[in-house]
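Remarks on the structure that follows.
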Amino acid sequence: MRFHGKTVLVTGAGSTRGIGRAIAMAFAAEGAQVACFDLKASGCRATVKAITKAGGTAYPIGGDVSCSSDVKRALKETSRHFGALDILVNNAAIVSFKPLIEVTENEWDRMTSVNLKGYFLFCKESAHHMISHGIQGCIVNVSTIGATLAAEKKVHYCASKAGINLLTRGLALELGPKGIRVNSVSPGAIDTNMIHDAAIQKLFDKIPPSQRTPLGKIGTGSDVASVVLFLSSPEAAFVTGADILVDGGLTAGQRFPRPDKVQHKPS
Ligand SMILES: NC(=O)c1ccc[n+]([C@@H]2O[C@H](COP(=O)([O-])OP(=O)(O)OC[C@H]3O[C@@H](n4cnc5c(N)ncnc54)[C@H](O)[C@@H]3O)[C@@H](O)[C@H]2O)c1
């Protein structure tokens with residue numbers, strides 16, 4: 001029960017098998033009271049129901065991360081229900097797959113509004129809130145391996161997420177003196193609706209599971225959640241401005257076919 005009595009807010013917590021739901025459930029299982037924020041109010045309610053059924057405490061808040069009045073309301077509702085916020089997890093994001101030259105101005109604006117401005121608004125309001133309540137809290141931003149490793153047909157997504165990594169490190173500098181730690185996690189391929197909805201799934205299906213990562217599998221929401229909880233815990237008391245990869249070794253380096261699998265053609 002590492003988070004007994006702590007108040008946590010998780011954005012994007014309303015996706016059935018999403019990373020946000022896994023994070024919210026993991027915090028609740030360790031004693032936290034969790035505000036679940038999502039554009040899909042019904043998804044939030046389903047997450048809260050699952051947490052309550054498992055014996056935890058949670059509250060649903062519908063809203064859009066890119067709308068400052070929704071973000072302010074989320075902070076107010078969270079503290080009214082559970083007391084001052086201790087931990088913010090910025091997780092809500094969108095993705096789409098198309099070459100950059102086909103991305104419309106509206107699509108670019110929506111991608112950066114949700115994935116970057118949304119993180120900024122929640123970081124800013126939560127930091128104000130923590131400072132004014134004298135809370136030495138922490139913020140964890142869910143980024144992606146795509147923030148540092150460019151991917152074709154996801155340039156707009158990668159660019160928005162790259163901003164999150166610098167937002168994280170810059171805020172770690174500014175908020176460290178206030179006792180607030182700011183870190184990020186960078187998942188690789190995680191089995192959620194995001195990759196199942198996406199065109200990348202078609203590519204992924206062509207790769208045998210054992211070859212998808214050096215660990216021979218793709219990740220789960222709880223693989224990411226356990227790292228988010230570590231970064232939010234006292235065990236990470238001296239960790240700020242860090243980014244932890246949760247990718248099963250996908251980006252560790254170049255991989256070659258196993259020697260026994262290489263077909264040598266006669267010369
Ligand atoms: N799944 C992966 O392979 C993977 C890999 C790397 C990084 N990530 C990151 O993990 C995080 C969670 O992704 P996921 O795979 O669980 O995706 P998901 O699509 O299952 O969940 C995202 C959630 O965010 C919510 N959301 C979207 N726009 C919103 C908005 N404007 N306001 C409030 N909520 C909004 C959605 O309703 C949804 O519930 C994202 O930040 C994503 O970039 C995922």
(request) Count, please, the residues in segment 25-43 that happen to be within 14 Å of the ligand (Cβ to nearest atom) and free of Cβ contacts under 8 Å to residues at least 40 places away in the same chain. (result) 5
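I'd like to know if segment 44-52 contains one or more residues that are closer than 29 Å to GLY241 by Cβ, within 13 Å of the ligand (Cβ to nearest atom) and either in contact (Cβ under 8 Å) with a residue 40 or more places away in the chain or within 19 Å of the chain's Cα centre (by Cα) (or both).
No, every residue in segment 44-52 fails to be closer than 29 Å to GLY241 by Cβ, within 13 Å of the ligand (Cβ to nearest atom) and either in contact (Cβ under 8 Å) with a residue 40 or more places away in the chain or within 19 Å of the chain's Cα centre (by Cα) (or both).
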(request) Answer yes or no: is there a residue in segment 1-22 that is within 12 Å of the ligand (Cβ to nearest atom), closer than 21 Å to LYS124 by Cα and assigned to a helix (DSSP H, G or I). (result) yes
(request) State which residue pairs qualify: first residue over 20 Å from GLY18 (Cβ atoms) and inside segment 222-245, second residue part of a loop (DSSP other than H, G, I, E, B) in any location, beta carbons under 7 Å apart, and separation of 6 or more residues or different chains. (result) SER233/ARG2; ASP243/SER143
(message) over 19 Å from the mean Cα position of the chain (by Cα) and either in contact (Cβ under 8 Å) with a residue 12 or more places away in the chain or within 30 Å of HIS156 (Cα to Cα) (or both): is that true of VAL103 in this structure?
(response) yes
(request) Identify the single condition in (1) assigned to a helix (DSSP H, G or I); (2) small (Gly, Ala, Ser); (3) touching a Cys at 6+ places or on another chain (Cβ under 6 Å) that ALA58 does not satisfy, given that it satisfies every other one. (result) (1)
(request) Among what's in segment 224-256 and is crowded, with 18+ Cβ neighbours inside 10 Å and in a helix (DSSP H, G or I), pick the residue that is farthest from the ligand (Cβ to nearest atom). (result) ALA236
(message) Go through segment 128-147 and report how many residues are within 13 Å of GLY179 (Cα to Cα) and polar (S, T, N, Q).
(response) 2
(request) List every residue pair whose Cβ atoms sit under 7 Å apart, with the two residues 6 or more apart in sequence or on different chains, where the first one lies in segment 176-197 and is within 12 Å of GLY221 (Cβ to Cβ) and at pLDDT 95 or above and the second, anywhere, is within 6 Å of the ligand (Cβ to nearest atom) and in a loop (DSSP other than H, G, I, E, B). (result) PRO187/THR144
(request) Just give me the residues in segment 65-99 being without any contact (Cβ under 8 Å) to a residue 60 or more places away in the chain, touching a strand residue (DSSP E or B) at 6+ places or on another chain (Cβ under 8 Å) and closer than 22 Å to GLN136 by Cβ, in sequence order. (result) HIS81
(request) Could you tell me whether VAL48 is buried (at least 23 other Cβ atoms within 10 Å of the Cβ) and in a helix (DSSP H, G or I)? (result) yes
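The values are calculated or read from the model by the stated rules, or taken from the named source; none is laboratory data. Note that this is a predicted model, so its numbers are computed, not measured. Neighbour counts run over all protein chains shown; Cβ positions are idealised from the backbone, glycine included.
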